[in-house]
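Q: Take a look at this one; I'll ask things after.
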Amino acid sequence: MFAITREAILADDLQAFSDTAMAMADAANAIVGDSVWNVFLNNQTLNQDATPVFDALHNNIGTGGAPTVASLSEGRKLMRVQKDPSDTRTLNLGPALLILPPVWETEGLSLITAQNLDYEIASTGAGLAQRNAANQFGTLTPVVENRLGGADGNATAWFMQANPTGPVPFIEVAFVRGQETPTVETREGWNVDGIEYKVRQEFGVAPLAYQPVVSNAGA
């Protein structure tokens with residue numbers, strides 16, 4: 001809630017309103033974003049099985065370490081073998097996003113943008129051919145999110161996620177009655193001599209499945 005005083009109205013200070021309204025809209029968007037990233041940060045529990053999203057039972061936790069050819073390959077394999085809730089068929093999921101905290105931005109972007117991948121194997125014969133293989137991770141889209149870095153920017157956990165618009169979505173963001181933008185209400189001020197504004201943003205965020213995402217605790 002905020003108010004525009006009578007003095008500002010008489011002075012026709014429209015900038016005061018526009019600045020405040022913009023700040024409130026930015027705050028509403030930030031709250032939605034915070035709620036989405038909290039699913040990653042707090043490892044929220046799934047309603048379907050009362051188990052945290054990232055759990056040994058879900059087989060979606062990689063061996064802790066920096067983003068490398070080996071760790072990305074492991075994460076991709078973990079996602080590839082995920083099955084449907086009935087455990088009868090493989091979902092054929094593959095990673096589309098490489099989600100990184102700031103501490104791994106350089107390493108992650110280097111992996112994705114490299115022309116070739118330097119495998120840690122022999123540099124002769126068949127090994128040389130593999131060392132010069134085309135980069136199969138070049139199709140990943142990097143997502144660097146400051147919230148994942150923690151207060152000091154040094155948190156190391158990173159993630160791989162399947163296409164968010166694919167057959168198995170990870171997170172649902174729902175808005176009450178489909179109202180995705182904040183609702184603004186006004187009234188003549190009583191506590192403040194002017195006009196009072198109320199900004200409301202009604203939404204919910206929840207994880208839907210564990211199969212389309214893999215976590216790695218980092219170094």
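Q: For segment 41-98, name all the residues that are among the basic types (Lys, Arg), in contact with a Gly (Cβ under 8 Å, 6 or more places away or on another chain) and surrounded by fewer than 16 Cβ atoms within 10 Å (Cβ to Cβ).
A: 80
Q: If residue 218 meets every condition in (1) open to solvent by less than 50 Å² (accessible area, probe 1.4 Å); (2) assigned to a strand (DSSP E or B); (3) more than 30 Å from residue 86 (Cα to Cα) apart from one, which number is that one?
A: Failing condition for residue 218: (2).
Q: Now for a separate question. Within segment 182-198, restricting attention to residues that are in a loop (DSSP other than H, G, I, E, B) and in contact (Cβ under 8 Å) with a residue 12 or more places away in the chain, which residue is farthest from the chain's Cα centre (by Cα)?
A: Kept after step one, since they are in a loop (DSSP other than H, G, I, E, B), are these residues of segment 182-198: 182, 189-193.
Imposing the further condition that a residue be in contact (Cβ under 8 Å) with a residue 12 or more places away in the chain reduces the set to 182, 189, 191-193.
Working: 182: 22, 189: 40, 191: 40, 192: 40, 193: 43 Å.
That would be 193.
Q: Name the residue, out of 173, 192, 213, 205, that is farther than 16 Å from residue 36 by Cβ and either at pLDDT 95 or above or out of contact with any Asp or Glu (no Cβ under 6 Å at 6 or more places or on another chain) (or both).
A: 192
Q: Residue pairs, Cβ under 9 Å, 6 or more apart or interchain, first in segment 133-154 and within 16 Å of residue 106 (Cβ to Cβ) and open to solvent by 40 Å² or more (accessible area, probe 1.4 Å), second outside any loop (DSSP other than H, G, I, E, B) and charged (D, E, K, R). List them.
A: Short answer, once both residue conditions are applied: 142/105; 144/105.
Q: Going by the structure shown, is residue 197 hydroxyl-bearing (Ser, Thr, Tyr), over 16 Å from residue 32 (Cβ atoms), open to solvent by less than 60 Å² (accessible area, probe 1.4 Å) and at pLDDT 95 or above?
A: no
Q: Just give me the residues in segment 2-23 being at pLDDT 75 or above and open to solvent by 60 Å² or more (accessible area, probe 1.4 Å), in sequence order.
A: 6, 7, 19, 22
Q: Consider residue 173 carefully, then state whether it is assigned to a strand (DSSP E or B), open to solvent by 50 Å² or more (accessible area, probe 1.4 Å) and farther than 10 Å from residue 103 by Cα. Give the steps one after another, and end with the answer.
A: On the way: assigned to a strand (DSSP E or B): yes; open to solvent by 50 Å² or more (accessible area, probe 1.4 Å): yes; farther than 10 Å from residue 103 by Cα: yes.
When the stated conditions are applied, residue 173 passes them.
Q: Can you pull out the strands (runs of 3 or more DSSP E) entirely within segment 51-165 that have at least 3 residues that are among the hydrophobic types (A, V, I, L, M, F, W, C) and either modelled with pLDDT of 90 or more or farther than 18 Å from residue 208 by Cβ (or both)?
A: 95-100, 158-162
Q: Name every residue in segment 8-50 that is farther than 27 Å from residue 95 by Cα, of a type in the set (D, E, K, R) and part of a helix (DSSP H, G or I), in order of residue number.
A: Within segment 8-50, 19, 26 qualify.
The values are calculated or read from the model by the stated rules, or taken from the named source; none is laboratory data. Only a predicted model underlies this, so the values are computations on that prediction, with no experimental measurement involved. Cβ sites come from the backbone with ideal geometry, for glycine too, and all protein chains shown count toward neighbours. To get the accessible areas, we keep the full protein, side chains included, count just its heavy atoms, and leave off ligands, DNA and RNA. Shrake-Rupley method; radii C 1.70, N 1.55, O 1.52, S 1.80 Å.
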